[in-house]
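First comes the structure, then the notes that go with it.
The values are calculated or read from the model by the stated rules, or taken from the named source; none is laboratory data. Here the structure is a predicted model, which is why all the values come from computation and not from measurement. Cβ placement follows ideal geometry from the backbone for every residue including glycine, while neighbour counts extend to all protein chains displayed. To get the accessible areas, we keep the full protein, side chains included, count just its heavy atoms, and leave off ligands, DNA and RNA. Shrake-Rupley method; radii C 1.70, N 1.55, O 1.52, S 1.80 Å.
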Amino acid sequence: MDCLFCKIIEGTIPSSKVYEDGMMLAFKDINPQAPVHVLLIPKKHIASADAVDAENVEYVSHIFLKIPEIAKSLGLSGGYRIISNCGEDGCQSVKHLHFHILGGKRLSEGMA
Ligand code: AMP
Ligand code: ZN
């Protein structure tokens, strides 16, 4: 499968990792939109939030279980934003489920 984030998981495309375990990987976004901009991805190819189901939801819950720990390690004591773009209207560019963690400054109020 020709998936950029699967290649990052395999290590065939390099990334700047901030956290990794058996179920997920967190790495710095190549085009940061805030002082801290990290992507959290499951180590299983799930196309988007719209493809989450009873069989793969454990990967999603695992990511959310780890978010507080990862946010703390990134110094995000003032808070942060979690975003997952989904599908065409959501402007999802990489078709492997990912959660953006943005922070390190006071973010804009708008979301759409
Ligand atoms: P989205 O638009 O929600 O699909 O987000 C995809 C994100 O992946 C964008 O913020 C890109 O900057 C980021 N991205 C694309 N290629 C890479 C890469 N090789 N390493 C790190 N981040 C990447
Ligand atoms: Zn993938």
Write out the cysteines belonging to the chain for which the nearest other cysteine Cβ is not under 4.7 Å, or none if no such cysteine exists.
Cys86, Cys91
Could you give the size of the charge dipole of the chain about its Cα centre, using +1 on the Cβ of each K and R and -1 on the Cβ of each D and E, expressed in debye and rounded to the nearest 20?
520 debye
Over the chain, how many pairs of lysines fall under 19 Å by alpha carbon, counting only those 8 or more apart in sequence or from different chains?
21
Ellipsoid equivalent to region 26-76 - semi-axes via the Cα gyration tensor, in Å
23, 14, 7
With contacts defined as alpha carbon pairs under 8 Å and 6 or more residues apart, what's the relative contact order of region 4-103 in percent?
32 percent
Extended-chain gain in nm, criterion 0.36 nm per residue less alpha-carbon gap, Asp89 and Ala47
13.6 nm
Working from Cα positions, state the angle (0 to 90°, nearest 10) between the long axis of helix 57-73 and the longest principal axis of the chain.
30 degrees
How large is the helix-only mean residue ellipticity at 222 nm for the chain, computed as the sum of -39500 (n - 2.57) over DSSP H runs with n ≥ 4, divided by its residue count, in deg cm²/dmol to the nearest 500?
-6500 deg cm²/dmol
What net charge is computed for the residues neighbouring Phe27, neighbours being all others with C-beta under 9 Å from the C-beta of Phe27, Lys and Arg scored +1, Asp and Glu -1?
0
Work out the charge dipole of the chain with +1 on the Cβ of Lys and Arg and -1 on the Cβ of Asp and Glu about the Cα centre, then indicate which of Gly103, Leu4, Ala51 is farthest towards its positive end.
Gly103
Please find, in a Gaussian network model of the chain (springs between Cα atoms separated by less than 10 Å), the residue of Ile46, Ile30, Ile101 whose mean-square fluctuation is greatest.
Ile30
Return the carbon/sulfur percentage of the accessible area of the chain, one whole number, probe 1.4 Å, all protein chains in place.
53 percent
Exposure of Phe99 as accessible area (Å², to 10), given a probe of 1.4 Å and all protein chains:
20 Å²
Which value, in Å², gives the accessible area per residue of region 4-103 when a 1.4 Å probe is used on the protein heavy atoms?
54 Å²
Can you list, bin by bin at 10 Å, the percent of alpha carbon pairs in the chain, starting at 0?
13, 48, 34, 5
